[in-house]
Amino acid sequence: MGMKWLGRVVLLLYAVIIAAPLYFVFISSFKSTQRFFASPLGWPKPFTLSNFTTMFKGQTIGKYFLNSIEVTLGTVLIELLLGSLIAYAIYRLGGKIAMVLFALFIAGLIVPSQVNMLPIYSLTHKLGWSDSLYGLILVSVAMLMPLTVFMLKGFMQVLSKEILEAGSIDGAGEWKLYSRIALPLSAPSLAATATFLFVMVWNDLLIPMLLINSKSKLTLPLAMLQFRGEYVTDYPMLLTGVVITAAPMVVLFLFLQRYFVAGVMAGSLKG
């Protein structure tokens, strides 16, 4: 009984630690600058939406939002398509060849992304991909592919070989087995992977900072840096931008929560 209550207390403390910054960010977005500095943790008095109206009127936040949507959706869709194909191929090949291929992708997880910054910048500049949203999508796909293959390979392990063999006996080729059997059965796992990738790409600052120079092509996280000056930072506007940036992720998780949990559980039961 004592351990049970101890566990509840630990979970409560953990919830408070997580909720406190969220509370601070949320209430600060409804404060004026004067009220923010007068009472950083206090409730907004008066409660104002001026930060949001200023964000959308005075700033090109809508353009930045669309840029982030384009980059995130493009990256996630390409990642899921190529990653699922590669993971399925590795799963179906089996043997030493599959082990070597999988090891090559795992090696991509070992090297820190910061180490690749100079080669990526040099390569994208030579290919004419710098300062381009399409170049940003392609680089993001390449950077995240090892992680995507690692995740989907684990999910593919739960597929029933008997079902695939039955489809093969019925005359289905590998493409039909992949598209008609493997993908539908992996839908929860794909949703879990998509949610994870969405959060990573949507919040990414390092790669956009490396490749994007034009103000019209900024993504939301990169645009948030505009509210930081050399001597003064507009914290209420900055935190309003954080709320706007976080909103799509919250909505996405609420819609895909069931699939996300099912996909994670499927991956944990592999083997």
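The values are calculated or read from the model by the stated rules, or taken from the named source; none is laboratory data. This structure is a prediction, so every number in the text was calculated from the model and none was measured. In this analysis, Cβ positions are derived from the backbone assuming ideal geometry, glycine residues included, and neighbour counts consider all displayed protein chains. Surface areas here come from the heavy atoms of the whole protein model, side chains and all, with no ligands, DNA or RNA. Shrake-Rupley method; radii C 1.70, N 1.55, O 1.52, S 1.80 Å.
Tabulated data
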| read-out | value |
| --- | --- |
| Whole-number D in µm² s⁻¹ for the chain, Kirkwood Cα-pair radius fed into Stokes-Einstein, 25 °C, 0.890 mPa s | 114 |
| Point-to-point label distance, residue 33-residue 4, nm (Cα→Cβ direction, 7 Å offset) | 5.5 |
| Sites residue 16 and residue 226 - FRET efficiency at Förster radius 30 Å, r taken between beta-carbons, to 0.05 | 0.40 |
| Carbon and sulfur %, accessible surface of region 1-98 computed with the full protein complex present, 1.4 Å | 78 |
| Förster radius 25 Å - calculated FRET efficiency between residue 254 and residue 179, Cβ distance, rounded to 0.05 | 0.30 |
| Label point distance in nm, residue 100-residue 70, each placed 7 Å from Cα along Cα→Cβ | 4.1 |
| Proximal lysine pairs, the chain, alpha carbons under 20 Å, eight or more residues apart or interchain | 15 |
| Prolate/oblate/rounded call for region 161-217, Cα gyration tensor, a/c under 1.5 rounded | prolate |
| Test item: Cα-centred dipole of the chain, Lys/Arg +1 and Asp/Glu -1 on Cβ, debye | 500 |
| Region 13-87: chymotrypsin sites (Phe, Trp or Tyr not before Pro) in DSSP coil with no more than 15 other Cβ atoms inside 10 Å | 47 |
| Cα centroid of region 77-148 to Cα centroid of region 1-65, whole Å | 36 |
| For the chain, with +1 on Lys and Arg beta carbons and -1 on Asp and Glu, the positive-most of 42, 72, 88 along the dipole | 42 |
| Separation of the residue 45 and residue 166 label points, Cα + 7 Å toward Cβ, nm | 6.8 |
| Å² per residue, accessible surface of region 1-58 at 1.4 Å | 76 |
| The chain: DSSP helices with Cα axial extent of at least 30 Å and average Kyte-Doolittle hydropathy no lower than 1.0 | 2-28, 61-93, 133-156, 235-268 |
